[in-house]
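Coordinate-derived values only; no laboratory data. Just so we're clear, the structure is a prediction, and the values are computed from it rather than from any experiment. Quick reminder, even Gly has a Cβ in these numbers, built from the backbone with ideal geometry, and neighbours come from all protein chains shown.
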Amino acid sequence: MRGEVLHYDLEQGFGFITGADGARYSFAREDLRRDSPIGRGTPVEFQPSGGQARSVFAIRAQTGQQAAEPSGPAAAPPAHFGRNAVPAHSAAPALGLWSYFTRGMTANYVNFRDRARRKEYWGFVLFWTIAAIVLCVAGFAVDAALGRLQPNSDGPIVVIIIPALWILATFLPGLAVTIRRQHDIGLSGWFYLLMLLPYVGGLIIFVFTLIPSQMHENKWGAVPEGIAVPPPYQPAPKA
C-alpha cells in the first residue's frame with residue numbers, strides 16, 4: 001500500500017503513516033527496508049498489518065525526483081495530505097485566547113478526545129474567570145437594588161444563584177479542556193482523578209497544565225495548531 005509519512009522521530013525511532021485507505025499506521029525503525037532519509041511528507045510503500053506498517057520504504061514521486069531528499073532552505077516544501085497537512089518546519093496560525101474560549105464553549109463543549117495546548121487551556125481559564133467575576137458583581141448589584149444586603153433581609157440570593165448556574169453550565173467544557181491538556185502532554189484523562197487527593201491533587205493537575213506540548217503526534221492526535229514542530233533530524237551528507 002502507498003501512503004505518506006505524517007511524522008518520524010529519528011532519535012526515538014518511531015513514526016506514523018497515513019495510508020491510501022485514509023487509515024493511520026505506526027511504524028518503527030526496524031520496519032524500514034532501506035537506510036535512506038525519511039521524514040514528514042515522504043511518499044512510501046508499506047505492508048499494512050493491523051495498525052502497524054511493515055516493510056516501509058520511500059518511493060520516488062511522480063516527478064522522478066527522490067522522495068524525502070534533504071532540501072535546502074530555499075527549496076519548496078513537499079505536498080501534504082491528511083489531518084497534518086502542514087510542513088514540519090511551520091505551523092498553522094494559532095487562535096487567539098478569546099477564540100479558544102469560544103471554541104471551548106461551542107465546538108469543544110464535550111470534546112474529551114483531542115489535545116489542547118497551554119494557550120488553549122489558559123485562554124479558557126482566563127475568560128471563564130473574567131465571566132465569573134462579572135457575574136458576581138452583577139449579582140451583588142441586583143441584590144443591592146432589591147435591598148437584600150440589608151441586615152434584616154433574606155440575604156444575597158442572586159449573587160449565589162447566578163455564579164452557581166455559570167459553574168454548572170461550564171463544568172463539562174472545563175473538564176474537557178483539562179483532559180485535552182493532559183492528552184497534549186501524553187497523559188490519560190483518568191489522571192484528572194488525582195483531584196480527589198486532598199491538598200496535593202489540585203496542585204498536581206495545575207503542574208500538568210504548565211507542561212509544554214509533546215512535539216510529536218501521540219495517541220490522542222496531532223500536535224495542536226499554532227505550534228511549530230522542528231523538522232526531523234537529517235544527518236549531514238558525508239564529504
Checklist entry - Under Stokes-Einstein, with the Kirkwood radius over Cα pairs standing in for Rh, what whole-number D in µm²/s applies to segment 116-239 at 20 °C and 1.002 mPa s? => result 121
Next on the checklist: In whole Hz and in residue order, list the ³J(HN,Hα) couplings for segment 195-208 that follow from phi through the Karplus curve 6.51 cos²θ - 1.76 cosθ + 1.60, θ = phi - 60°; x for Gly and Pro.
Outcome noted: 4, 6, 6, x, 6, 9, x, x, 5, 5, 4, 4, 4, 4
Checklist entry - How would you rank H183, H216, going from fewest to most other Cβ atoms within 10 Å of each one's own Cβ? => result H216, H183
Checklist entry - Short version: ³J(HN,Hα) in whole Hz for each residue of segment 10-24, in order, from phi by Karplus 6.51 cos²θ - 1.76 cosθ + 1.60 (θ = phi - 60°), x for Gly and Pro, what are they? => result 5, 5, 8, x, 8, x, 9, 10, 9, x, 5, 7, x, 7, 10
Checklist entry - Fewest to most neighbouring Cβ within 10 Å: what's the order for D154, D143? => result D154, D143
Checklist entry - Under the Karplus relation 6.51 cos²θ - 1.76 cosθ + 1.60, θ = phi - 60°, what is the ordered set of whole-Hz ³J(HN,Hα) values for segment 161-169, x standing for Gly and Pro? => result 5, 5, x, 5, 5, 5, 5, 5, 5
Checklist entry - Which cross-chain or sequence-distant (5 or more) residues have an amide H under 5 Å from the amide H of L32, H modelled 1.01 Å from N in plane? => result V56
